[in-house]
Amino acid sequence: MSTLNLDLSNYRDLLKQYIRTQDETALYQAEQFSKLSMQQNISPEEIINVHIQALQDLYPDLPEGIESSMNFLLEAMISYGLAYQEFQSLREKQLALKSEISVAANMQQTLLTTVKPEVEGLDIGAISVPANQMNGDYHHFVQNNQNTLGIAIADVIGKGIPAALAMSMIKYSMDSFPENRMDPCTILESLNRVVERNVDPSMFITMFYGLYKPETSKFYYSSAGHEPGFYYNAREDKFEEIEARGIVLGVTRDTEYQQYEKTIHPEDMIILLTDGVTECRQGDRFIESEEVLDVIKTYMHLPAQQLVDQVYKHFERLQDFHLRDDFTLIILRKQV
């Protein structure tokens, strides 16, 4: 109050001038008074109190009803001031948290960046778009000296910074595996032990790992409870679900994962995805898997990267450009 007390006489003179003349100059000076008060962190009730004192100085015989109404306003502003201070405090914390999440999201993007490889005889398309700043989906390509291609796609059940940390751990665990132990079942069993030791039991991680060997045109794969992908048989022009059973990562330490294999023929496709694709919603209606495959078939004439981009744009439009879940789609097409 000490700073405002020094300005009381000035405020009183401004108020008197405005009451008598309705002069815009007095209003402008009052605005400057308000800005100075804000800079000095003066509360609204203190300004109201200054106004009441100025009125009492100008009108010593102020009607009792007017004086009571001003006191009522003062009490209301005290409550408002407290609520406003709490709001400002929460807003500052929210801005600080938003800044931290932005930094974490940038770090996640850097840590989990994967380069789409070039494999002779294979056309590859990949897209991964987070619904929010942090991505709970993860995909990674691993290529060794024999031109063998490993593909990992995973989804953390649980989002935000904990999911990002879990995905970073998965990625660096995979990078540490020796090249001679790239079999999908071995990869998942190793990751399962890592997750079981290091991830909170309330956080589940699903994962699909595939290994393509160009010299044999064989695709080997295992799944840890992940969303089943699809295989497109070009000769029969039909899609079929990729069947692979396995429990999610981290449930029990000694889980064993079954490995499957499939021979890939020219123009055949392997379609890997997360549930953000198959569980897209149009309003309250969930999209059926057949609809996803119909959209893929619509753009199947395009190169693989353009294909996944167009599928994403289709479902982005369908959801009014507001993703409800992270969207990750990978397509491998064997070239003729």
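The values are calculated or read from the model by the stated rules, or taken from the named source; none is laboratory data. The model shown is predicted, which means the values in this text are computed figures rather than measured ones. Here the Cβ positions follow ideal geometry from the backbone for every residue, glycine too, while neighbour counts run over all protein chains shown. All accessible areas refer to the heavy atoms of the entire protein, side chains included, with ligands and DNA or RNA removed. Shrake-Rupley method; radii C 1.70, N 1.55, O 1.52, S 1.80 Å.
Summed over the stretch 130-153, residues that are closer than 20 Å to LEU323 by Cβ and crowded, with 16+ Cβ neighbours inside 10 Å total 10. The number of residues in the stretch 141-154 that are farther than 14 Å from LEU188 by Cα and assigned to a strand (DSSP E or B) comes to 4.
The requirement of being in contact with a Pro (Cβ under 9 Å, 6 or more places away or on another chain) and acidic (Asp, Glu) is fulfilled somewhere in the stretch 241-264, by at least one residue.
Take residues that are in contact (Cβ under 8 Å) with a residue 24 or more places away in the chain and either among the β-branched types (Val, Ile, Thr) or out of contact with any Phe, Trp or Tyr (no Cβ under 9 Å at 6 or more places or on another chain) (or both) and tell me which of the helices (runs of 4 or more DSSP H) falling wholly in the stretch 274-336 contain 3 or more.
275-278, 304-318
Could you list, in sequence order, all residues of the stretch 188-223 that are more than 22 Å from ILE157 (Cβ to Cβ) and either open to solvent by less than 10 Å² (accessible area, probe 1.4 Å) or not assigned by TED's automatic domain parsing to the domain that holds THR274 (or both)? Correct list: LEU211, TYR212, PHE219. Those residues that are polar (S, T, N, Q) and within 13 Å of VAL251 (Cβ to Cβ), I need them from the stretch 165-218; list them, please. Matches in the stretch 165-218: ASN192, SER202, THR206.
Scan the stretch 224-272 for residues that are open to solvent by 50 Å² or more (accessible area, probe 1.4 Å), polar (S, T, N, Q) and in contact with an Asp or Glu (Cβ under 8 Å, 6 or more places away or on another chain) and report the count. Number satisfying all stated conditions: 2. Looking only at residues that are part of a loop (DSSP other than H, G, I, E, B) and more than 44 Å from the chain's Cα centre (by Cα) in the stretch 9-53, which one is nearest to LEU73 (Cα to Cα)? In this case the residue turns out to be GLN22. Do the conditions hold for PHE239, that is, is it assigned by TED's automatic domain parsing to the domain that holds GLU120, in a strand (DSSP E or B) and in contact with a Ser or Thr (Cβ under 6 Å, 6 or more places away or on another chain)? Here the answer is no, as PHE239 does not meet what is asked.
This table checks each residue for (1) in contact with a strand residue (DSSP E or B) (Cβ under 9 Å, 6 or more places away or on another chain); (2) not in a strand (DSSP E or B).
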site	(1), (2)
TYR212	yes, no
ALA224	yes, no
TYR232	yes, no
ILE247	yes, yes
ARG253	no, yes
GLU261	yes, no
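In the stretch 54-88, what count of residues is obtained for those that are among the aromatic types (Phe, Trp, Tyr), farther than 23 Å from MET38 by Cα and touching a residue at least 40 places away in the same chain (Cβ under 8 Å)? Qualifying residue count for the region: 0. Just one of the listed residues (GLU279, GLU316, GLU291) is closer than 13 Å to SER128 by Cα and either among the acidic types (Asp, Glu) or open to solvent by 60 Å² or more (accessible area, probe 1.4 Å) (or both), and it is GLU316. Kindly check whether there is at least one residue in the stretch 68-75 that is of a type outside the set (Phe, Trp, Tyr), modelled with pLDDT of 80 or more, at negative phi and open to solvent by less than 50 Å² (accessible area, probe 1.4 Å). Yes: the stretch 68-75 contains one or more residues that are of a type outside the set (Phe, Trp, Tyr), modelled with pLDDT of 80 or more, at negative phi and open to solvent by less than 50 Å² (accessible area, probe 1.4 Å).
Could you please let me know if GLU64 is over 26 Å from LEU15 (Cβ atoms) and either at pLDDT 85 or above or not assigned by TED's automatic domain parsing to the domain that holds ASP309 (or both)? Judged against the criteria, GLU64 is not a match.
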